[in-house]
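Student: Encoded as C-alpha cells, here's the structure I'll be asking about.
Just so you know, all these numbers are worked out from the coordinates, no wet-lab data involved. The structure displayed is predicted, hence computed values, not measured ones. Cβ atoms come from the backbone with ideal geometry, glycine included; neighbour counts cover every protein chain shown.
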Amino acid sequence: MNRTAALVPAAGRGERLGPGEPKALREIAGVPILIYAVSALASARSIDLVVVAAPQSDVESVTALLSQQSFSDKVSVVAGGDTRQESVARALIALPTDVDVVLVHDAARPLVPIELISAVVGSVRAGNPAVVPGLCVTDTIKEVNEHGDVLATIDRDPLRAIQTPQGFDRELLQRAHAELDESQGIFTDDAGLIEEMGVPVKVIEGHVEAMKITRPFDLAIAETIIAKRRASGVIT
Ligand code: CTP
Ligand code: MG
C-alpha cells in the first residue's frame, strides 16, 4: 500500500477562454494543454500512475492522444462529470487499492514544475494528511458590495493564492468526497472539502509557473514560459 497516484480533472469546457475545443485540448506552442500537465506528473519519480478525467464527449480522443505518448503506460482515462468535484470523484473511484497517497492536479495548470510535484508528495509522506501549494498575494485586496462600493481593505499578509497539485492521504480524500456532496456547497478545490471536515491543511510554497490557464492572456504567459524553457534546453 504505498503507491502514489495523480488525478487530473480535465473535463471543463474552458468557457472563460472563449469558444473552441475543451480547454485541456487547446494547444500552446503546438502541444495540447493536457499533454504538458500529464507529462509533468508522469515524469515525476514520485508519481506511479495518473488518472485523467476527460470531457465526456472526448474520452475516446483523449485516450488515443495519451496512448501515443512515451509515458502512456502510467496513464488511464475516465469520463469526467459536470463539476470539477464530480470529475475528481470519478477519477478517485478508478484508483487501484495499493495507492495510499493521491495528488489532484488541474489540467489547466500545464507548466507545473516537477520539483513542486515532488515537494507536495514529500510533505504528505512526511505526515501531513493534506498539503496545498500557495503564493503570497501581491495585489491589494478589497471587499466590495454588489454595487462596487468598498466595504473593507483586507490585510493581505496572511492570504495565500492556492494552486495545484494538492496532495492527500488517499483514505482521507475518499472519505471527504463520500461525505460532502454539492448540496453542502460548491468547493473549488479538494482542500476545501478537507477543511470542512475539520482536518488541518498545510500550505507549502507554490510556484509562479504552476499558474492556471483561465483567460486568453494566460495562454500568452504560458507561451513565454515555454519559450524560456526551450531556450534553456528544458524539453516540455
Ligand atoms: N474541471 C473538470 N470537470 C468539470 C469542470 C472543471 O474536470 N466539470 C477541471 C478543468 O478541466 C480544469 C480544472 O477543473 O482542469 C479547474 O477548472 P477551471 O479552471 O474552472 O476550468 P474550466 O471549468 O474548464 O474553465 P471555465 O470555468 O472557464 O469553463
Ligand atoms: Mg470552471
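Student: Please determine whether any residue of the stretch 57-77 is out of contact with any Leu (no Cβ under 8 Å at 6 or more places or on another chain) and basic (Lys, Arg).
Tutor: No, there is no match, as no residue in the stretch 57-77 is out of contact with any Leu (no Cβ under 8 Å at 6 or more places or on another chain) and basic (Lys, Arg).
Student: Being crowded, with 18+ Cβ neighbours inside 10 Å, away from ligand 2 (no atom under 16 Å from the Cβ) and either without any contact (Cβ under 8 Å) to a residue 12 or more places away in the chain or under 24 Å from Thr83 (Cα atoms) (or both) is the requirement here; does Ile35 meet it?
Tutor: Working: crowded, with 18+ Cβ neighbours inside 10 Å: yes; away from ligand 2 (no atom under 16 Å from the Cβ): yes; either without any contact (Cβ under 8 Å) to a residue 12 or more places away in the chain or under 24 Å from Thr83 (Cα atoms) (or both): yes.
Yes.
Student: Quick check on my filter: what residues within the stretch 26-68 are of a type in the set (D, E, K, R) and under 25 Å from Val101 (Cα atoms)? Explain how you work it out, then say what you get.
Tutor: First, the residues of the stretch 26-68 that are of a type in the set (D, E, K, R): 26-27, 45, 48, 58, 60.
Residues satisfying the conditions are Arg45, Asp48.
Student: Restricting to the stretch 177-213, give me the number of residues that are part of a loop (DSSP other than H, G, I, E, B), over 15 Å from the mean Cα position of the chain (by Cα), surrounded by 16 or more Cβ atoms within 10 Å (Cβ to Cβ) and in contact (Cβ under 8 Å) with a residue 60 or more places away in the chain. Don't jump to the end; show me each part of the working.
Tutor: We begin by selecting, within the stretch 177-213, every residue part of a loop (DSSP other than H, G, I, E, B); these are 180-181, 185-189, 197-201, 206-207, 211-213.
If we keep only those that are over 15 Å from the mean Cα position of the chain (by Cα) too, we end up with 180-181, 185-186, 197-201.
Adding the requirement that they be surrounded by 16 or more Cβ atoms within 10 Å (Cβ to Cβ) leaves 180, 199, 201.
Adding the requirement that they be in contact (Cβ under 8 Å) with a residue 60 or more places away in the chain leaves 199, 201.
The number of residues fulfilling the criteria is 2.
Student: Kindly evaluate Thr63 against the criterion of being farther than 20 Å from Glu115 by Cα, polar (S, T, N, Q) and more than 16 Å from ligand 2 (Cβ to nearest atom).
Tutor: yes
Student: For Ala29, all conditions in the list (1) within 16 Å of ligand 1 (Cβ to nearest atom); (2) closer than 18 Å to Ile221 by Cβ; (3) touching a residue at least 40 places away in the same chain (Cβ under 8 Å) hold save one; what is the number of the exception?
Tutor: (1)
Student: Could I ask something else about it? Out of the stretch 1-19, which residues are without any contact (Cβ under 8 Å) to a residue 60 or more places away in the chain and either within 15 Å of ligand 2 (Cβ to nearest atom) or touching a Pro at 6+ places or on another chain (Cβ under 8 Å) (or both)?
Tutor: Filtering the stretch 1-19 for residues without any contact (Cβ under 8 Å) to a residue 60 or more places away in the chain gives 13, 15, 19.
Within the stretch 1-19, Arg13, Glu15 qualify.
Student: Restricting attention to the stretch 79-111, report how many residues are in a loop (DSSP other than H, G, I, E, B) and closer than 19 Å to Val201 by Cβ.
Tutor: Here is the first cut: in the stretch 79-111, the residues in a loop (DSSP other than H, G, I, E, B) are 80-83, 94-98, 105-111.
With the extra rule that they be closer than 19 Å to Val201 by Cβ, the set shrinks to 105-106, 109.
Matching residues across the stretch 79-111 total 3.
Student: I want to confirm something. Restricting to the stretch 129-176 and keeping residues that are polar (S, T, N, Q) and buried (at least 18 other Cβ atoms within 10 Å of the Cβ), which single residue is nearest to Val38 (Cα to Cα)? Don't jump to the end; show me each part of the working.
Tutor: From the stretch 129-176, those polar (S, T, N, Q) are 138, 140, 145, 153, 163-164, 166, 174; that's our starting set.
Adding the requirement that they be buried (at least 18 other Cβ atoms within 10 Å of the Cβ) leaves 163-164, 166.
On the way: Gln163: 16, Thr164: 13, Gln166: 15 Å.
So the residue we want is Thr164.
Student: I've got another one for you. Check Ala220 against each of (1) aliphatic (A, V, I, L, M); (2) surrounded by 15 or more Cβ atoms within 10 Å (Cβ to Cβ); (3) in a helix (DSSP H, G or I) and name the one condition it does not meet.
Tutor: Going through (1) aliphatic (A, V, I, L, M); (2) surrounded by 15 or more Cβ atoms within 10 Å (Cβ to Cβ); (3) in a helix (DSSP H, G or I) one by one, Ala220 breaks only (2).
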